[in-house]
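Have a look at the structure below, then the notes.
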Amino acid sequence: MGNFLLRLLSTAVALVVAAEILPGISFSDDGLLTIILVALIFGVVNAILKPILAVLSCPLIILTLGLFLFVLNGVMLLITDELAGGRFDVDGLGSAILGGIIISLVNMVLEGLLGVNEDKNKQKRVEVID
């Protein structure tokens, strides 16, 4: 549960950073509840739709040597825009692609700092000295 909350917080911060940097991405209001709700929607869209679309667009991803993944991230932002019900606005695919890049970079840094991806189930190796 703690890992989920850290990821949600990281995504919320990344969305706010993207909205501050890019003029084509904005929130309807800067309320914390709105930002958390949009981050939750974005997380669900990425968890459910992105793997399906990645498999369907696999030939394009291979053909472009992975660059099509940037377009796929932009499409995830556009889908989030549609599902957020006016709370979140992305002006077009160009803004969405740039926003996806910014969100990915900020998420990578924050999750690394917060230790979100560390495996807590690792067993420590104990050596016996005779």
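Values as computed for the structure displayed
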item	result
Residues located in region 13-33, provided they are closer than 14 Å to LEU78 by Cβ and either in a helix (DSSP H, G or I) or without any contact (Cβ under 8 Å) to a residue 24 or more places away in the chain (or both)	LEU15, ALA18
Subset of region 14-34 that is surrounded by fewer than 16 Cβ atoms within 10 Å (Cβ to Cβ) and of a type in the set (A, V, I, L, M) - its residue that is nearest to LEU83 (Cα to Cα)	LEU33
Filtered residues of region 63-92 (kept if within 17 Å of VAL44 (Cα to Cα) and hydroxyl-bearing (Ser, Thr, Tyr))	THR80
Residue among ALA47, ALA39 that alone is in a helix (DSSP H, G or I), among the aliphatic types (A, V, I, L, M) and under 12 Å from ALA12 (Cα atoms)	ALA39
Some residue of region 72-89 being out of contact with any helix residue (DSSP H, G or I) (no Cβ under 8 Å at 6 or more places or on another chain), in contact (Cβ under 8 Å) with a residue 24 or more places away in the chain and not in a helix (DSSP H, G or I)	yes
Where LEU98 falls short, out of the listed (1) closer than 19 Å to ALA18 by Cα; (2) free of Cβ contacts under 8 Å to residues at least 12 places away in the same chain	(2)
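For (1) in contact (Cβ under 8 Å) with a residue 60 or more places away in the chain; (2) within 19 Å of VAL90 (Cβ to Cβ); (3) crowded, with 16+ Cβ neighbours inside 10 Å, each residue gets a yes or a no:
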| position | (1), (2), (3) |
| --- | --- |
| ILE36 | no, yes, no |
| ASN46 | no, yes, yes |
| PRO51 | no, no, no |
| ALA54 | no, no, no |
| LEU65 | no, no, no |
| PHE68 | no, yes, yes |
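Per-residue answers, yes or no, for (1) in contact with a helix residue (DSSP H, G or I) (Cβ under 6 Å, 6 or more places away or on another chain); (2) assigned to a loop (DSSP other than H, G, I, E, B); (3) hydrophobic (A, V, I, L, M, F, W, C); (4) at pLDDT 95 or above:
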site: GLY66; (1), (2), (3), (4): no, yes, no, no
site: ASN107; (1), (2), (3), (4): yes, no, no, no
site: LEU110; (1), (2), (3), (4): yes, no, yes, no
site: VAL116; (1), (2), (3), (4): yes, yes, yes, no
site: LYS120; (1), (2), (3), (4): no, yes, no, no
site: LYS124; (1), (2), (3), (4): no, yes, no, no
site: GLU127; (1), (2), (3), (4): no, yes, no, no
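The values are calculated or read from the model by the stated rules, or taken from the named source; none is laboratory data. Keep in mind the model is a prediction, meaning the values are calculated, not measured. Please note: Cβ atoms are built from the backbone with ideal geometry, for glycine as well, and neighbour counts cover all protein chains shown.
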